[in-house]
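The values are calculated or read from the model by the stated rules, or taken from the named source; none is laboratory data. Just so it is clear, the structure is predicted and the values come from calculations on it, not from any experiment. Please note: Cβ atoms are built from the backbone with ideal geometry, for glycine as well, and neighbour counts cover all protein chains shown. Ligands, DNA and RNA are excluded from the accessible area calculation, which covers all protein heavy atoms including side chains. Shrake-Rupley method; radii C 1.70, N 1.55, O 1.52, S 1.80 Å.
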Amino acid sequence: MKTRPPNSENIPCWRKKFLETFFSNVLHGVLDVSSDWRLNDHHFSPLLHSSPHVSQLTLCNMLQGAVELAAEHNHKVLENLAGSLRILKFQHLLSSDQSIRRSLVLLLHRLIHHGSVSQVSMYSWPVPDTVLLVLILSMSAGFWRSGNALAYQCGLCREDRAPSQELVQERAESGRDAERERSSGENQKGFPEASVEADAHLNSVLSVPRSSPLQNQPCEEASSEGPCDHTSIQGGSSPRCGSGHPSCHPVLRKTRRRLKPAVGRKRRCLRRSRGPYADPEDLYDFVFTVAREGNSGLLDKTSSTEDENTENWTSSSPGSPCTGRAGCKKRGGPAGIFSLKAAHRFRSVSTLELFSIPLTGETCRTLSNLLSSWVSLENLVLSYNGLDANICCILSGLRALSRHPGCRLRVLRVSDVFSHMPCMELVRCILSAFPQLHTLSVSFDLKNQPEGNRPEGNPSCSEVEIPESCLEQLEIRFPREPLHTTFLLPVLKASKSLQQLSLDSATLPCSQELGLLLEALKECTPNLKKLSFHDVNLAEHQKEVLLLLQDPVLQEITFSFCRLFESSTAEFLSEIINTVKRNSSLKSLKLPGNRLGNHRLVALADIFSEDSSSSLCQLDVSSNCIKPDGLLEFTRKLEGHIQQRGGQIQFTHLRLFQNWLDQDTETAQEALRRLKAVCSVVNDSWDSSQAFADYISVM
């Protein structure tokens, strides 16, 4: 197939990898089946043959793959994927019409709601189709709008239909008798489980007074004939119901009416579509509308704070951004006004990743609303989504989610170009909203919010108390912000279980700052095992560097592009070597991008000398201007130390990425051959001359 997996990918089974790639190439037309007589056989289906081996699938462009898989002739293929597929990716999507969205809905329903997909990832969608994006997000969260006629095609939904209907009728006994009697005698066959179970759950959870004015609530009297017509989402107006008919707002009335068959039924609302399928845009309308819903009867009763904020949310315009710091200013909206646990939930994914997909204020509200009850979610990655102030809206959904006893979210990664607030302030906001996190990564390229220019009406996150957290891994990439230990200290005090800390692109405001940080780490994080500095100028902090290297608890230390030897002497290198030789707890030392050169690399071989008590297993000297002759000399010296120690050495891994080994290929190959007899060597075929030209071009 003329493809090669990336070197970074760990492939335990090449047969499975081949069949998975084969499936993808056939599905997307990259591999022409008709050109090979072995594949072009009507008795043989390439997709069916390879589908049981597919654990990861990417759909792209116009979702042609989704249309093909949802076709009737690929029914068995889809059944196989439902059992094997774990990761579903979307990449470079374009706008789609209703028929394509219909196929996608069927595909997602089978693979997620009745399948084994645990991760949904979306990549590179510069101008996302809002309807399509909301559809994917909502179905990934396990939500499928009640009454969606597409459920007619799902046999799994119909299997438990009868018990569900009995439950609905039992709930309905306390409602309007006249409406119940009129609907009880009609044939209810063929209605989807999605509609029936959702109605039962809505009746049991929502208790809305008959006269309650539900603002912006869409009519859910959906059937196979089509959804109700609504006015513009941006306008935020109420649904248009047919003149002369009673309001379709009361929840109990509409849930029971949905049990009636569609044939011969008088519609109470104008229809958008008269086709055999419900328009998927009704899902878009429904999710966006409940994000602005203001009825107190739909409030999540678990939080009195959200009750108090309801009025603020409903009085705002639909498109206004969230401006809170400790949380969304209008957090009563997506987080508390309509918790999705009030509707029937199918199986949902545990990992959601959004890369390079701009999220508008409306989309952020919808995502926040979904997050507020997405209890199965374990990993959330939001990368380059242009959140800006809308990050507060996301935080409000996470705050509501954290109150659920069954919440599983443990990993949160947020990265973007601009930071709406200082990094440490955002970290405090997130941990105060969600102390259950085990891994938190916050990364920004540029600073957007000037210090002192904070949104009004909300207290600064720096004033919010952080409860004791479960944080084990913290990664912060500062947009060239100063690292103030006083701001980091509350986070460290609340994170007694912290094991990994990574600080990237920070500046040290004074010479004492790094010393204060080390004292704080020693006092507050007794379990810290891994510490990483990247692009932090440590040229004038030699004393602190040596203190870190002799720490008896740390097992992995990284000084990446930290200019360690920029203004150092030969004595500093000797002190580093001697310190590491005496440290028996340090397992990994990573020094990429510090201009070691040949002579310093050769000196590092003394770490493994006969008098050393070091337990160092991994050494990373990538991007250090190392030439082939220097690497060969390092190898010879290392071999001599190993021989002196009788072959007893724990050194197992050496990383050599982006060094000048192409300047003498023969010498480099000899050095690598001899090194590989000692340890595992990871390197690349790097063109140093081109890299130098690129470096000069940007100077």
What nm value, rounded to one decimal, do you get for the distance between Met62 and Lys17 when each label is placed 7 Å out toward the C-beta?
3.3 nm
Cα→Cβ-extended label distance, 7 Å offset, between Gln669 and Arg403, nm
6.8 nm
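Which value, in Å², gives the accessible area per residue of the range 538-698 when a 1.4 Å probe is used on the protein heavy atoms? Please list the in-between numbers first.
Values: 7830 Å² over 161 residues.
Roughly 49 Å² per residue, with all protein chains present.
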Sort 440-446, 135-141 by the packing proxy (mean of other Cβ within 10 Å over each peptide's residues), most packed first.
135-141, 440-446
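How charged is the neighbourhood of Lys581? Take every other residue with its Cβ under 10 Å from the Cβ of Lys581, and add Lys/Arg as +1 and Asp/Glu as -1. If you can, show how the numbers build up before the last one.
Values: positive: Arg582; negative: Asp606, Asp611.
Result for the local shell: -1.
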Suppose each label sits 7 Å from its Cα in the direction of the beta carbon; what would the Gln648-Ala570 distance come out to in nanometres?
3.3 nm
Would the range 14-75 count as rounded, prolate or oblate if I go by the C-alpha gyration tensor, calling it rounded below 1.5 in a/c and otherwise prolate when a/b exceeds b/c, oblate otherwise?
rounded
Can you give me the C-alpha center-to-center distance between the range 57-106 and the range 401-422, rounded to a whole angstrom?
29 Å
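Taking 0.36 nm per residue of separation and subtracting the Cα-Cα distance, what length does fully extending Gln512 through Leu94 add? All intermediate terms of the calculation are to be shown ahead of the outcome.
On the way: separation 418, 0.36 × 418 = 150.48 nm, distance 5.27 nm.
The span from Gln512 to Leu94 would gain 145.2 nm if fully extended.
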